[in-house]
Amino acid sequence: MRRIVNAISIGMKRTIPMSIAIAIGSLVLIDFFFDERHINALGGFFVDSVVIIVAFALLLGLLNVLIVHFRRIGRRQEGWPYSIFLVAIALVVVVAGISGPETDIVTWIFDNVQFPLQAAIFSLLAFYVATAAYRAFRFRSFESIAFILAAVVVLLGQVPIGRYLSDLLPAAKEWILDVPATAGVRGIIIGVALGTIATGVRVLMGFDRPYGGEESSDQ
Amino acid sequence: MIDCPNCGASNKEESKFCGNCGQPLVAASEMVCPMCGTENPPESTTCSQCGARLVPLGGPPSEEQPELVEEEVAAVEGVEEEEVVEPEEVEGVLEPGAVEDIPEPEDVEGILEPGAVEDIPEPEEVEEILEPEAVEEVAEAEEAEEAPAVSEGELGEPIPPWLEKLKELPAEETPEEPKARVRLARAELPEWLEIPPDFEDMLSEVAPTVEGEELERAEIPSWLEAMRPGEAEEDAIAAEEPEGAPAESTGLLRGLKGTLAIEPALTIARRAKPLPPFSFSAFDVDRAQTFARVVKEPGRAKAKIVGPRRVEALAATTLRWIIYLIISIAVAVPILLGSNWAAANMGATAPTVAMYDAIEGLDEGAVVLISHDYTPGVAAEMIPQAEAVLNHLMERQGRLINISLTAEGSRLAQQVFEEVAEAHGYVYGEDYLNLGYMVGAEVGPRSIVEGFPRPTWTDFVEQRPFSEFPIADYVGSIEDIELIVEFAGGPEFLRLWLEQVQGPYQLPMVAGVSATADPFARPYYHNGSRKQLQGLITGLVGAAEYEWQRGQPASALASMDSQSLVHITIALLILFGNVAYFIGKLRKG
């Protein structure tokens, strides 16, 4: 009896999700290659299902964040006062946004809180890059010399002052971006594509089970 | 973790069965060490912690084993032939499980059990307990651990009648009779067990004798009798006792010396394991000597922070702030001065010109799908791009439908539209429409174009169905889209549109990307004859180039003076950093 229960448990945990994943994955893949009305309709249905699931996942994510921070506040864990702010602001935005994303309160929060904060944090990058340029760009080897020269050429060739200094600088910058940089990025993209194919095949054949939680892979 | 004894697989704590082979992980009856209490597997013969023997000498009980025990008991019996040992006590000796009872004083006969005696490592300690004859027998039993049991005839000694009677009884039918003790009359108490007078007085106070009732005072169990030294042995022990041997000062054993020595023999039955062969090399000796020298060395005073390090740290911090200040000045000064030097030296690269041409080639009233996929972090370079391109699209009288794959993108797009639309007299819902954020992540673009446009979609501003807006009359299917314009803050958004929409539906597409996404976008622009991207603008510079190409300078072109100055400042910082590096190197030699 216990063996039967174990077999059913393993089936519920591994075999059934794997069968569903393989079947639907194959169907969506076939839909991509063949232009057949019924297959296209099924593929479209599953794509729409993903959209609905993602929407619910966002909601679950919000709930999870709230639960985690409520727990932190309840246990007085380190930094719990910040959690109070987080929960309060999240609730305010959620309540304000129920009637729509373009209400006055939501617009005001976006324009005066979210936008300046994110933009300011990203702007700090310019200062960090400048400091790193002074400290880290050292002529230590042939590779470092090539790296620094490429950086300086692109820096100057990108802006009008490079054109003012010499017409060669914008042309050199375009060559660096079009030839060596593009070649390198193409290699990365092709590698990613091959890796994606391999991963897809492994998932479709049931070797990888990213949907099964722990112990989801045989490897 | 618990390792399965059958297959070796690791199992969770408190598992009862192996998850791999199903074998039970907890033994049905574990052998508890009588000495230290450690639980050992049932098949163990010695304790894994203290080395005490868990089963009687000679392995599990067999037909031969009782005979061996009988010989030992007989040897003890030989010491006190008058002592009557009850069968139950002997049974306790014969049973292997009686080992667990050793700590109990009433069952100390277990010390006579072969296994227990076997575990006593030092013969001298045993001699304190047993008579010399008994010790000899035990020693023989140790040597004959795997040898066949000694028969009666070999011993050549007569078997006492009580033992004969015991042999006739089957082990299971041993009668459970109350324990009978060897009782001695008062006069028979040996001198060494006499109760001191003061203790006797104390006893009498605590428990006064009832008149007419004579209490049996001396009751010496057999195990205690077995410990009594013989006359010759007494002399020998007395001779061996050191002068300073501790003597009991109180209680029944007052005056006796060497009583503490019995304790380890009773409770700690350890078998000293032989040390593994030890060898060492000269290198080991050297390391050991070094270790010893380091250990013996006196402690050193803490290293003091020398002055130059503080100066260096201060200089580094100061330098960092100086660099920040220089960058801030480089950004602010051209803006504050309102200079427009860069416009005179601006140009447009080929991808920018291609994008301009793609939009310039649109028919009047063409439907264009625009996607704003970026966040406020890169808005500083994306919004000028969007403004420049939307201005151009509205100039071409395009019908614009906006969507976004990021939640923030829809709001940012709406801001741009509102700013640009007013200048071109565009009306929301008629000439342009914002459908807002499209959920879907990886399948977002595909879900948008499949069945495009869906009547159930609602717009971002008024939350009304798409079909209610006049612009819906111009869009019947995805084929009606003449151009896709993608504004991507990161390369992943651009890739999604290219893979899920541009490739399968072969729709013309141009893109404006952030500077960090530019290297990942270029391969799609330089794609031979099949340009997946018909045009590409990059970062704030791309926006400025587009403005310059259109001949309508705006915010992007105005910021090129600051950007030029910052770029040249960074190039100079690289130069100065290397000069400082080489000077420092030369100083150090």
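The values are calculated or read from the model by the stated rules, or taken from the named source; none is laboratory data. Not measured: the values here are computed from a predicted model. When we count neighbours, we look across all protein chains shown, and the Cβ atoms used for this are built from the backbone with ideal geometry, even at glycine.
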- [ ] Examine segment B:276-288 for a residue that is modelled with pLDDT of 85 or more and acidic (Asp, Glu), and state whether such a residue exists.
- [x] yes
Task: Whichever residue in segment A:153-163 is of a type outside the set (A, V, I, L, M) and either free of Cβ contacts under 8 Å to residues at least 12 places away in the same chain or more than 18 Å from B:ALA543 (Cα to Cα) (or both) and, among such residues, is farthest from the other protein chains (Cβ to nearest Cβ) - done: A:GLY162
- [ ] Please state which of the following conditions A:PHE46 fails to meet, knowing it meets all the rest: (1) free of Cβ contacts under 8 Å to residues at least 12 places away in the same chain; (2) of a type in the set (Phe, Trp, Tyr); (3) under 30 Å from B:PRO504 (Cβ atoms).
- [x] (1)
- [ ] Name every residue in segment B:517-570 that is crowded, with 20+ Cβ neighbours inside 10 Å, more than 16 Å from B:PRO351 (Cβ to Cβ), among the hydrophobic types (A, V, I, L, M, F, W, C) and under 55 Å from the mean Cα position of the chain (by Cα), in order of residue number.
- [x] B:MET560, B:LEU565, B:VAL566, B:ILE570
Task: Restricting segment A:1-46 to residues that are under 23 Å from A:GLY200 (Cβ atoms) and β-branched (Val, Ile, Thr), the residue that is modelled with the lowest pLDDT - done: A:THR15
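Table: residues versus (1) of a type in the set (Phe, Trp, Tyr); (2) more than 8 Å from chain B (Cβ to nearest Cβ); (3) farther than 23 Å from B:VAL331 by Cα.
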residue	(1), (2), (3)
A:VAL106	no, yes, yes
A:ALA119	no, no, no
A:TYR134	yes, no, no
A:ALA151	no, no, no
A:LEU165	no, yes, no
A:GLY187	no, yes, yes
Open item on the list: So in segment B:410-441, with the set limited to residues that are over 20 Å from B:PRO465 (Cα atoms) and within 12 Å of another protein chain (Cβ to nearest Cβ), which one is surrounded by the fewest Cβ atoms within 10 Å (Cβ to Cβ)?
Closed with: B:GLU418
Open item on the list: Checking the structure you have, find out if any residue of segment B:429-448 is in contact with a helix residue (DSSP H, G or I) (Cβ under 7 Å, 6 or more places away or on another chain), hydrophobic (A, V, I, L, M, F, W, C) and in a loop (DSSP other than H, G, I, E, B).
Closed with: yes
Task: Residue satisfying all of: in segment A:135-155; modelled with pLDDT under 90 and touching a helix residue (DSSP H, G or I) at 6+ places or on another chain (Cβ under 6 Å); farthest from B:LYS585 (Cα to Cα) among these - done: A:PHE137
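This table checks each residue for (1) out of contact with any Gly (no Cβ under 7 Å at 6 or more places or on another chain); (2) in a helix (DSSP H, G or I); (3) at positive phi; (4) not polar (S, T, N, Q).
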{"position": "A:GLU78", "(1), (2), (3), (4)": "yes, no, no, yes"}
{"position": "A:ALA90", "(1), (2), (3), (4)": "yes, yes, no, yes"}
{"position": "A:ALA96", "(1), (2), (3), (4)": "yes, yes, no, yes"}
{"position": "A:VAL106", "(1), (2), (3), (4)": "no, yes, no, yes"}
{"position": "A:PHE127", "(1), (2), (3), (4)": "yes, yes, no, yes"}
{"position": "A:GLU143", "(1), (2), (3), (4)": "yes, yes, no, yes"}
{"position": "A:ALA150", "(1), (2), (3), (4)": "yes, yes, no, yes"}
{"position": "A:VAL153", "(1), (2), (3), (4)": "yes, yes, no, yes"}
{"position": "A:GLY162", "(1), (2), (3), (4)": "yes, yes, no, yes"}
Task: Output for segment B:338-379, where each listed residue is of a type in the set (Ser, Thr, Tyr) and more than 8 Å from chain A (Cβ to nearest Cβ) - done: B:SER339, B:THR352, B:TYR356, B:SER371, B:TYR374
TODO: Can you confirm whether segment B:446-463 contains a residue that is more than 13 Å from every other protein chain (Cβ to nearest Cβ) and either under 27 Å from B:ALA556 (Cβ atoms) or surrounded by 14 or more Cβ atoms within 10 Å (Cβ to Cβ) (or both)?
DONE: yes
Open item on the list: Show the residue pairs meeting these rules: Cβ distance below 9 Å; 6+ apart or different chains; first residue within segment A:169-184 and under 12 Å from B:ASP518 (Cα atoms) and at the interface with chain B (Cβ under 7 Å from one of its Cβ atoms); second residue crowded, with 18+ Cβ neighbours inside 10 Å and of a type in the set (Lys, Arg).
Closed with: A:LEU177/B:ARG522; A:ASP178/B:ARG522; A:ALA181/B:ARG522; A:THR182/B:ARG522
- [ ] Evaluate segment B:390-404: report whether one residue or more is hydroxyl-bearing (Ser, Thr, Tyr), surrounded by 15 or more Cβ atoms within 10 Å (Cβ to Cβ) and part of a loop (DSSP other than H, G, I, E, B).
- [x] no
Task: Number of positions in segment A:36-51 that are surrounded by fewer than 14 Cβ atoms within 10 Å (Cβ to Cβ) and more than 21 Å from B:MET438 (Cβ to Cβ) - done: 3
TODO: Six or more apart or on different chains, Cβ under 8 Å: which pairs go from a residue in segment A:70-94 that's free of Cβ contacts under 8 Å to residues at least 12 places away in the same chain to one that's surrounded by 12 or more Cβ atoms within 10 Å (Cβ to Cβ) and aromatic (Phe, Trp, Tyr)? Could you list them?
DONE: A:ARG72/A:TRP80
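This table checks each residue for (1) aromatic (Phe, Trp, Tyr); (2) surrounded by 11 or more Cβ atoms within 10 Å (Cβ to Cβ); (3) out of contact with any strand residue (DSSP E or B) (no Cβ under 6 Å at 6 or more places or on another chain).
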| residue | (1), (2), (3) |
| --- | --- |
| A:SER141 | no, no, yes |
| A:LEU149 | no, yes, yes |
| A:VAL154 | no, yes, yes |
| A:LEU165 | no, yes, yes |
| A:ILE176 | no, yes, yes |
| A:ILE190 | no, yes, yes |
| A:ALA198 | no, yes, yes |
| A:LEU204 | no, yes, yes |
| A:PHE207 | yes, yes, yes |
Open item on the list: So, restricting to helices (runs of 4 or more DSSP H) that lie completely within segment B:508-589, which ones have at least 3 residues that are within 9 Å of chain A (Cβ to nearest Cβ) and in contact (Cβ under 8 Å) with a residue 60 or more places away in the chain?
Closed with: B:560-588
